[in-house]
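Read through the structure below, which is laid out as structure tokens, and then see the notes.
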Amino acid sequence: MSNPTADVSVRVAWADDAPAIAELQLRAWGDVYSDVIPVETIPSGPDAVEAVAQAWRAALSKPNDARHRVLIALERNRVVGFALTGPASDPDCDPIADGELQDLTVDPAERRRGHASRLLQAAADTMVGDRFTRAVTWTMANDDVLRKFLTEAGWASDGAHRELDLDGSGTTRVKQVRLHTALE
């Protein structure tokens, strides 16, 4: 008798995945940004999910560049994470050679089950397939867990940093550091 194996995978997202990605994104924002902004200011409820899903549908249906990809991690048929890849947009990066991991999000309730590792590997493979030779990503300076995960996977700080104004008023600022890795 064999032991059952987990039904997990990563694939390219389709427009039909937009509602599940939107729900996950809004749920994860509460966890990711809880130290930065009041949780009650994070959009929630069916109207917010539908608005975010509409944006995802549009992005998935007509990406700005063929190298913009959305990958989703699945457990059975549930979306439990997503990653965004595309050409690096920083002025000191080469958009032909440098790819960017623009987002790596795993449902807070699904962490430590290998989904982030699968997504990260699929994102790297996707960027290699798109002929990028280096990848960069931005992380919040205080997100020690994500930075440790990425550095253990071979990423390192390249010394770049920035500060983002999340609400446009200057009151909600997030410091970020950039990591990079060679793609093989």
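The values are calculated or read from the model by the stated rules, or taken from the named source; none is laboratory data. These numbers were taken from a predicted model, which means no experiment stands behind them. Please note: Cβ atoms are built from the backbone with ideal geometry, for glycine as well, and neighbour counts cover all protein chains shown.
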What number of residues within region 129-150 satisfy the criterion of being loosely packed, with under 14 Cβ neighbours inside 10 Å, of a type outside the set (Gly, Ala, Ser) and not in a loop (DSSP other than H, G, I, E, B)?
3
Counted residues, region 86-135 - those being among the charged types (D, E, K, R) and closer than 20 Å to Ala20 by Cβ:
6
Of (1) closer than 13 Å to Arg69 by Cβ; (2) exposed (fewer than 14 other Cβ atoms within 10 Å of the Cβ), Thr126 fails just (2)
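Is it the case that Thr172 is over 17 Å from Leu24 (Cα atoms), surrounded by 14 or more Cβ atoms within 10 Å (Cβ to Cβ) and either within 13 Å of the chain's Cα centre (by Cα) or hydroxyl-bearing (Ser, Thr, Tyr) (or both)?
Details: over 17 Å from Leu24 (Cα atoms): yes; surrounded by 14 or more Cβ atoms within 10 Å (Cβ to Cβ): yes; either within 13 Å of the chain's Cα centre (by Cα) or hydroxyl-bearing (Ser, Thr, Tyr) (or both): yes.
It is true that Thr172 is over 17 Å from Leu24 (Cα atoms), surrounded by 14 or more Cβ atoms within 10 Å (Cβ to Cβ) and either within 13 Å of the chain's Cα centre (by Cα) or hydroxyl-bearing (Ser, Thr, Tyr) (or both).
Going residue by residue through region 33-42, is there one that turns out to be within 16 Å of the chain's Cα centre (by Cα), modelled with pLDDT of 90 or more, closer than 17 Å to Thr139 by Cα and part of a loop (DSSP other than H, G, I, E, B)?
Of all residues in region 33-42, those within 16 Å of the chain's Cα centre (by Cα) come to 33.
With modelled with pLDDT of 90 or more added as a condition, the list becomes none.
Within region 33-42, not a single residue is within 16 Å of the chain's Cα centre (by Cα), modelled with pLDDT of 90 or more, closer than 17 Å to Thr139 by Cα and part of a loop (DSSP other than H, G, I, E, B).
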Any residue in region 119-132 that's among the aromatic types (Phe, Trp, Tyr): show its pairings with residues that are surrounded by fewer than 24 Cβ atoms within 10 Å (Cβ to Cβ) at Cβ separation under 7 Å, as long as the two are six or more apart or on different chains.
Phe132/Ala97; Phe132/Asp98; Phe132/Leu183
Selection from region 43-92 of residues surrounded by fewer than 20 Cβ atoms within 10 Å (Cβ to Cβ), in a loop (DSSP other than H, G, I, E, B) and in contact with a Gly (Cβ under 9 Å, 6 or more places away or on another chain) yields Ser44, Pro63, Asn64, Asp65, Arg67, His68
Residue check for Ser157: surrounded by 12 or more Cβ atoms within 10 Å (Cβ to Cβ), of a type outside the set (A, V, I, L, M, F, W, C) and either farther than 21 Å from Leu74 by Cα or touching a His at 6+ places or on another chain (Cβ under 9 Å) (or both):
yes
Within region 146-162, does at least one residue satisfy the condition of being within 16 Å of the chain's Cα centre (by Cα) and touching a residue at least 40 places away in the same chain (Cβ under 8 Å)?
yes
For a quick check of your reading of the model, give me the residue pairs whose first member lies in region 49-78 and is in contact (Cβ under 8 Å) with a residue 12 or more places away in the chain and under 20 Å from Gln121 (Cα atoms), whose second is part of a loop (DSSP other than H, G, I, E, B) and of a type outside the set (Gly, Ala, Ser), with beta-carbon atoms closer than 6 Å and at least 6 apart or on different chains.
Arg67/Asp130; Arg76/Asp7
Taking only pairs six or more apart or across chains, which ones have beta-carbon atoms under 9 Å, a first residue in region 93-110 that is farther than 21 Å from Gly30 by Cα and touching a residue at least 40 places away in the same chain (Cβ under 8 Å), and a second residue that is assigned to a strand (DSSP E or B) and polar (S, T, N, Q)?
Gly99/Thr85
